[in-house]
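Trainee: First the structure, which I've put down as structure tokens, then a few questions once you've had a look.
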Amino acid sequence: QYTQCLRVSWQSMDKFKEWLKPVQSDKTKAYCNYYKSTLNAKLCDLRKHVTSGRHRQSSNIAGNPHQARIEFKPKVNDATRFAEGKVSLNIAAHSSLASVDHAAETSKSAFTDSKVASDLKLYRTKCREVIVNVLAPHFVDTLSEDRDAKCSILIDESTDISISKLLGVIICFFSRSMLKIVSCHTGLVEIESGTAEAITCAIIQLLNDEKFNPKNFVKVGVDNDSVNTGVNKGV
């Protein structure tokens, strides 16, 4: 008995070329890219499938070149973007992300005569994206001119709810652009253990990732834990 396989020439036929695809694992089968189904690779079956109602309905949805295009026109102006950035910066410095949901609604109800407040659409997800993708890169760039300055470093350990040990690192330096000493939260890194060696390796790795020269650090601020202040094996 002859076994019919899918022919390459069928895929170039006008009735089939838009949807007919081969099945790599079985040459006796064909695949309809519109209906997402497998068919027998027989010419009579393929012709019947073209005239079926399910195929025509699927082709109208997937292959309609005249589908209306949805135009997206953002209505947020520069003043609203600036306000959202300011609010996000305030949240990052003084509060948690959860509070921004109430801050946006409170601003709308309190400042009813302000168009900027009425257009404010800032909630947890958007606030986080603004902080991570807009504010954080900006402040990292502003540190470029001060990376070679003499600095001090403050560290402290913590443990989160998953019992993971974390190390918070803050760098203090004299900013040439602001003409004052500033404190910069550099990172919160996870450490394998609470030993002085693990803490030191985590600090050096973080400083290298942030392109700070560890040789420029003149002081280290720690608590009075023995792992930090020990004479023999302290940080």
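The values are calculated or read from the model by the stated rules, or taken from the named source; none is laboratory data. These figures come from a predicted structure and were not determined experimentally. Glycine gets a Cβ as well: all are built from the backbone with ideal geometry, and neighbour counts include every protein chain shown. SASA here: full protein model, heavy atoms, side chains in, ligands and nucleic acids out. Shrake-Rupley method; radii C 1.70, N 1.55, O 1.52, S 1.80 Å.
Trainee: Using a 1.4 angstrom probe on heavy atoms only, work out the carbon and sulfur share of the accessible area of the chain in %.
Mentor: Ligands and nucleic acids excluded, carbon and sulfur reach 54 percent.
Trainee: Now a separate question. Given points 7 Å out from each Cα along the Cα-Cβ axis, report the Glu145 to Thr28 separation in nanometres with one decimal.
Mentor: A separation of 7.6 nm, rounded to one decimal place.
Trainee: While we're on this one: Would you please state which residues of segment 128-146 a label at Arg176 would reach in this model, taking the label point 7 Å out along Cα→Cβ and a backbone N cut-off of under 15 Å?
Mentor: Within reach of a label on Arg176: 141-146.
Trainee: With springs only between Cα atoms under 10 Å apart, run a GNM on the chain and tell me which of Phe174, Phe16, Phe139 wobbles the most.
Mentor: Greatest mean-square fluctuation among the candidates belongs to Phe16.
Trainee: Still on this structure, I have one more. In 5 Å bins starting at zero, report the fraction of Cα pairs in the chain per bin as a rounded %.
Mentor: Per 5 Å bin, starting at zero, the Cα-Cα P(r) for the chain comes out as 1, 5, 9, 10, 9, 7, 6, 6, 5, 6, 7, 8, 8, 6, 4, 2, 1, 0 percent.
Trainee: Enumerate the residues in segment 87-104 having an amide nitrogen under 19 Å from the point lying 7 Å beyond the Cα of Lys121 toward its Cβ.
Mentor: So the set is 87-88, 100-104.
Trainee: Are any of the pairs Lys165/Lys215; Lys27/Lys48; Lys21/Lys42; Lys86/Lys150 more than 24 Å apart by Cα-Cα distance, and if so, which?
Mentor: Result: Lys165/Lys215; Lys86/Lys150 exceed 24 Å.
Trainee: Could I ask something else about it? Whole number in Å², please: accessible area per residue of the chain, 1.4 Å probe, ligands, DNA and RNA not counted.
Mentor: Solvent-accessible surface per residue comes out at 70 Å².
Trainee: Given the options Asn224, Asn33, Asn90, which has the most mean-square fluctuation in a GNM of the chain, springs set between C-alpha atoms less than 10 angstrom apart?
Mentor: Looking only at Asn224, Asn33, Asn90, the biggest GNM fluctuation is shown by Asn33.
Trainee: Divide by every residue of the chain the summed helix terms, -39500 (n - 2.57) for each DSSP H run of at least 4, and state the resulting mean residue ellipticity at 222 nm, rounded to the nearest 500 deg cm²/dmol.
Mentor: Result for the chain: -10000 deg cm²/dmol, rounded to the nearest 500.
Trainee: While we're looking at this one, here's another question. Which of Thr51, Thr200, Thr80 moves most in a GNM of the chain, Cα contacts under 10 Å?
Mentor: Judging by the Gaussian network model, the answer is Thr51.
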